[in-house]
1. At a Cα cut-off below 22 Å, give the lysines reachable from Lys223, other chains included and same-chain residues fewer than 8 away excluded.
2. Among 143-150, 91-98, how do they line up from the highest to the lowest mean number of other beta-carbon atoms within 10 Å?
3. Would you mind getting the Kirkwood hydrodynamic radius of the chain from its Cα pairs, rounded to one decimal in Å?
4. Take each of the peptides 196-202, 54-60, 132-138, average the number of other beta-carbon atoms within 10 Å over its residues, and list them starting from the highest.
5. Computed over the Cα atoms of the stretch 130-198, what is the convex hull's projected area averaged over all directions, in nm²?
6. Out of Ile170, Ser114, Ser207, whose Cα points farthest toward the positive end of the dipole of the chain (charges: +1 Lys, Arg; -1 Asp, Glu; placed on Cβ)?
7. Can you give the helix-only mean residue ellipticity at 222 nm for the chain, where every DSSP H stretch with n ≥ 4 adds -39500 (n - 2.57) and the sum goes over all residues, rounded to the nearest 500 deg cm²/dmol?
8. Treating the angle as unsigned and between 0 and 90°, give the value, to the nearest 10°, between the Cα long axis of helix 57-69 and the longest Cα principal axis of the chain.
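Every number here is computed from the coordinates shown, using simple stated rules; none is lab data. None of the values given here were measured: they were computed from a predicted structure. All Cβ positions, glycine included, derive from the backbone under ideal geometry; neighbour counts span all protein chains shown.
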Amino acid sequence: MAVIDLCCSDLRFFSQNLWLAGKTASAGPGLDGRSQVLVSENRIWRARLDLTAENGPGVLKFRQMAAKLNGRAGRIRMCVINFFTPRYNGNLQEFYDLLGISPADIAAGFMPFSDNSTFSDGTGFALPSPSEPRVTGSYQAGATQIAVSGVYGEMLQPGAYFSINDFLYIVEENSAGLLTFSPPLREAIAIGDTVNVSAPKIQVRLSSDAGFRPEVENFRRVKPMSLDLEEAFERD
């Protein structure tokens, strides 16, 4: 079935909210008033996407999306807005400014030691690369820790998102690029796999067949609407 790409630049988001939803079991309070809660790792991503009104070409875009989705059969590859996370937007100077690299170091093409000394050949450490992090080992599905390389991996804050092969994860702890995260890995990953931090992606589907019905006012404007979505696990 169709997979529709919904990039951050494609539509004007009013709001985008994601949360991990799971279920617990309990027999209720005992005679002492205490409850025992049983839990297994059954969490999946759910999302609510509030879309603003669209005019002109936006009407056709919404109609096309609704037709291609065919209710819950199709999927959306949705960009996740990773606010408060350092990310590369195509401007190398802004990237270096974000990391606090001085103009002198940029002009020299390298960074010296903390005491401004250099190696014996007069050079220093290479300037950080804006490339996305890479996985530095191989991990099986179900893992909750991975090690990643690159400045983005080292700077990921708890609460930030990343994705691998359109599966979304949220950082719980970060120790110099060793990430502890939720949910557990959805599939095995190999050394060198890309970790998407600048524009994480997740594949989702509508939570109900009637979840996306664009309403057009006066033949020219799609009304604002909200989409309830849930994680899709298939990969073509």
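1. By straight Cα distance, Lys223 reaches Lys61, Lys68.
2. Details: 143-150: 18.0, 91-98: 13.8.
Top of the packing list down: 143-150, 91-98.
3. Working: mean 1/r = 0.0484 Å⁻¹.
About 20.7 Å for the chain.
4. Working: 196-202: 21.1, 54-60: 13.6, 132-138: 17.1.
Highest to lowest by the protection proxy: 196-202, 132-138, 54-60.
5. On the way: hull surface 14.6 nm².
Approximately 3.7 nm², given one-decimal rounding.
6. Going by the Cα projections, it comes out as Ser207.
7. Numbers: 4 runs with 32 residues, N = 236.
Computed ellipticity for the chain at 222 nm equals -3500 deg cm²/dmol.
8. Taking Cα atoms only, the helix is inclined about 80 degrees.
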